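> Okay, here's the structure, questions in a sec.
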Amino acid sequence: MQVTIYHNPKCSKSRDALRFLRDAGIKPTVVLYLDTGWTASLLHDLKEGTGLLWHEMLRPDARATLQGPIKKNKEAAIIQYVIDSPVALERPFVVSDRGTRLCRPIQMIFQIIESRPKSPWLTEKGIPVL
């Protein structure tokens, strides 16, 4: 199974998702999007793949900044903002052969990943997942 995680190592949710994948025996492609940045095409693909609306994909501070473009559905302005400020997007996004999910909460990963790590499995904050 091909799996890609758009990862921010400073984010505990992203670290949990990456560790979950690895503990499940999956060797994902790790994209450090803060280093590589986003493209309009990739952002569009993530949005289409998840079925989420922009306000669901953006971090709270970005939602506040982009209230007008979100209400008016000005996708080009939203995409350009995220390209200019890669941290504006929620994380982590995980893409597999079975779909794309914003894995927040981490249990969303179950929809696109069949493998599971050995139970019990806890987040780094000690919250049980399996």
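Just so it is clear, none of the values below were taken in a lab; they were calculated from the coordinates. Bear in mind the structure is a predicted one, so any value in this text is a computation, not a measurement. Because the Cβ atoms are built from the backbone with ideal geometry, glycine has one as well, and the counts that use them run over all protein chains shown.
Matching residues to (1) part of a helix (DSSP H, G or I); (2) more than 16 Å from residue 4 (Cβ to Cβ):
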residue	(1), (2)
17	yes, no
21	yes, no
38	no, no
78	yes, yes
107	yes, yes
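> Mind checking which residues of region 6-28 are within 18 Å of residue 50 (Cβ to Cβ), of a type in the set (S, T, N, Q) and out of contact with any His (no Cβ under 8 Å at 6 or more places or on another chain)?
Within region 6-28, just 8 meets the criteria.
> Against the conditions (1) out of contact with any Leu (no Cβ under 7 Å at 6 or more places or on another chain); (2) part of a helix (DSSP H, G or I); (3) not β-branched (Val, Ile, Thr), where does residue 73 fall short? Just the number, please.
Residue 73 satisfies all of (1) out of contact with any Leu (no Cβ under 7 Å at 6 or more places or on another chain); (2) part of a helix (DSSP H, G or I); (3) not β-branched (Val, Ile, Thr) except (2).
> Something else: State all residues of region 12-30 that are touching a helix residue (DSSP H, G or I) at 6+ places or on another chain (Cβ under 9 Å) and surrounded by fewer than 18 Cβ atoms within 10 Å (Cβ to Cβ); if no residue qualifies, say none.
27, 30, listed by residue number.
> Quick one: which of 83, 113 is β-branched (Val, Ile, Thr) and assigned to a helix (DSSP H, G or I)? Explain how you work it out, then say what you get.
Details: 113 fails: assigned to a helix (DSSP H, G or I).
None of the other options fit; the residue is 83.
> Within region 96-130, which residues are among the basic types (Lys, Arg), under 11 Å from residue 24 (Cβ atoms) and surrounded by 14 or more Cβ atoms within 10 Å (Cβ to Cβ)? I'd like the intermediate steps shown before the answer.
Quick first cut of region 96-130, residues among the basic types (Lys, Arg) only: 98, 101, 104, 116, 118, 125.
From the residues that got through so far, the ones that are under 11 Å from residue 24 (Cβ atoms) too are 116, 118.
Of everything in region 96-130, just one residue is among the basic types (Lys, Arg), under 11 Å from residue 24 (Cβ atoms) and surrounded by 14 or more Cβ atoms within 10 Å (Cβ to Cβ), namely 116.
> As an exercise: evaluate residue 26 against (1) part of a helix (DSSP H, G or I); (2) in contact (Cβ under 8 Å) with a residue 24 or more places away in the chain and give the number of the one condition it does not meet.
Result: residue 26 fails condition (1) only.
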